[in-house]
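Written out below as structure tokens is the structure these notes cover.
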Amino acid sequence: MSIRNDIDSIFDEYKVNLGRLIKHPSVLDETGQKPFGKPIQDALEEMMAIAKELGFETFIDPEGYYGYAQVGEGDDLFGILGHLDVVPVGDLSKWNTDPFELNEIDGTLVGRGTSDDKGPMLAAMYSLKVLLDKGKKLNQRVRFIFGTDEESLWRCMKAYTEKEELPNYGFTPDSGFPLTYAEKGLIEYTLELHEDAGFTFKGGDALNAVPSSAVLEYDQTVEDALKSLGYQYSSDGKDITVAGVAMHAKDADKGVNAIVNAAHALHVAGKRTKLIDFIVDYCLDANGKDLYGAVSDEVSGKLMLNVGIVDFSDKNQKIGIDIRFPVTFPKESVDEKMYETGKEFGLDVKEFDYLRSIYLDKDSDYIKTLMKVYREVTGDLESEPISSGGATYARAMENIVAFGPKLVSAPSTEHQPNEYIVIDNMKVAMEVYAETFLALVIS
């Protein structure tokens, strides 16, 4: 209980500093400065300022790709990896508060980045700080590594691994407990048809999020189709806004894809293009059954397919697709079917991003230690290491695992309106992290 009391005593300070991070709208902006936009650079500098105040040595990559905060001495290096960039807020009308202002509501902390990933990374830092403040001594260096491009192309981690020392072991607090031993492969494509559709069609903010809205120019036949299909929409007589339910792309089949529903209505209304036909023929099912068949494995579950972005304008039609495929399903099979089918429809298909799957040994000493700590703190003796469709920094370096902070019973709120963390749950996660540091890096 001593560690939990220490966490309680510093939690108000944690909240203040989390508010400092949340206020920066650190969404990718490649037209801005250094290299992903001023808000991301500001968030990185704010994090380093907080780290200095907590007693860490800090470093910011001169090009702005990453930063880190370090404490301790010795040859060995233990790493905690996380990110400061966030996904766009989406439909602002669905937020009950300002996304970039930290609000405490009914035992929760609300704001973009509270759960993904500003809140967890700061929590891990405070978990180590409470031990150091009690006079505990490190037996190696501990480095908190902050990326700035996790929600896009991971150029931050590419720069870090090219320039910097790699940890011997570590974790990323960007997933759920107890820990993630397998992550699906991730591949993203852009598909284009270089023809004028004759109408505008736009929607989505990020490939890795199920789009909550898509906008079409008004057409009575499309509205009639939406009604007949039972899809949610609104209209002001000028535009039709098709409504969806936002969700992380790793759980695409739990969301409602506004782009796919809008395309379906366009198809039924006779407003068809080859790209609309492709969406309707192959993308209506979020598990990709129409394109790949029923793809699944025992380790990591079902394939997920998400049409995350659409833009029909300027005599061009474009969509972006995010696919999370099981660890035993080869990338070559994903590619082959996508390119082959795209060619049949006359589409220009290009790979936008790819992250390899990972599959770690659940019986390693390191994973056994993490599981032991988790079980002792939480009393959860039933939960086993999990697989995930999420893409965490565990893929960026060897011997890194995704470890919390979401408790087994807690909701997933990342990438959604009114993103939040439950205060009591985060305190439990901080206790797990503190005990982990005691087990692994404290003499």
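The set of residues from the stretch 62-91 being assigned to a loop (DSSP other than H, G, I, E, B), closer than 22 Å to residue 24 by Cβ and either open to solvent by 10 Å² or more (accessible area, probe 1.4 Å) or hydrophobic (A, V, I, L, M, F, W, C) (or both) comprises 62, 63, 65, 84, 86, 87, 88, 89, 90, 91. I'd like to verify a number: residues in the stretch 202-237 that are under 30 Å from residue 184 (Cβ atoms) and not hydrophobic (A, V, I, L, M, F, W, C), how many? The total comes to 10. In summary, residue 59 fulfils each of the numbered conditions (1) assigned to a helix (DSSP H, G or I); (2) of a type in the set (Phe, Trp, Tyr); (3) open to solvent by 60 Å² or more (accessible area, probe 1.4 Å) with the single exception of condition (1). Scanning the stretch 155-186 for residues that are open to solvent by 20 Å² or more (accessible area, probe 1.4 Å) and either part of a helix (DSSP H, G or I) or not hydroxyl-bearing (Ser, Thr, Tyr) (or both) yields 155, 158, 161, 162, 163, 164, 165, 166, 168, 174.
Which residue is nearest to the chain's Cα centre (by Cα), if the candidates are limited to the stretch 213-224 and must be surrounded by fewer than 24 Cβ atoms within 10 Å (Cβ to Cβ) and outside any helix (DSSP H, G or I)? Ranking the candidates gives 213 first. If the condition is being farther than 20 Å from residue 426 by Cα, touching a residue at least 60 places away in the same chain (Cβ under 8 Å) and of a type outside the set (Phe, Trp, Tyr), then the stretch 362-383 contributes 362, 367, 369. Only residues that are closer than 21 Å to residue 308 by Cβ and of a type in the set (Gly, Ala, Ser): list them for the stretch 193-221, please. Scanning the stretch 193-221 gives 197, 203, 204, 206, 209, 212, 213, 214. Residues in the stretch 187-202 include none that are in a strand (DSSP E or B), without any contact (Cβ under 8 Å) to a residue 40 or more places away in the chain and open to solvent by 10 Å² or more (accessible area, probe 1.4 Å).
Look at (1) assigned to a helix (DSSP H, G or I); (2) in contact with a helix residue (DSSP H, G or I) (Cβ under 7 Å, 6 or more places away or on another chain); (3) open to solvent by 10 Å² or more (accessible area, probe 1.4 Å) and you find that residue 43 fails only one, number (3). Picking from residues in the stretch 361-384 that are buried (at least 20 other Cβ atoms within 10 Å of the Cβ) and in contact with a Phe, Trp or Tyr (Cβ under 7 Å, 6 or more places away or on another chain), the one that is farthest from residue 181 (Cα to Cα) is 374.
Just so you know, in the stretch 92-137 the residues that are assigned to a loop (DSSP other than H, G, I, E, B) and of a type in the set (Lys, Arg) include one that is most open to solvent (accessible area, probe 1.4 Å), and it is 137. Evaluation of residue 161 against the conditions (1) polar (S, T, N, Q); (2) in contact with a strand residue (DSSP E or B) (Cβ under 8 Å, 6 or more places away or on another chain); (3) within 30 Å of residue 400 (Cα to Cα) shows that the sole unmet condition is (2). Residues that are closer than 16 Å to residue 88 by Cα and open to solvent by 60 Å² or more (accessible area, probe 1.4 Å) within the stretch 1-28 comprise 23, 28, listed in sequence order.
The values are calculated or read from the model by the stated rules, or taken from the named source; none is laboratory data. As the structure is a prediction and not an experimental result, all values here were calculated from the model. Quick reminder, even Gly has a Cβ in these numbers, built from the backbone with ideal geometry, and neighbours come from all protein chains shown. Surface accessibility is based on the protein's heavy atoms, side chains included, excluding ligands, DNA and RNA. Shrake-Rupley method; radii C 1.70, N 1.55, O 1.52, S 1.80 Å.
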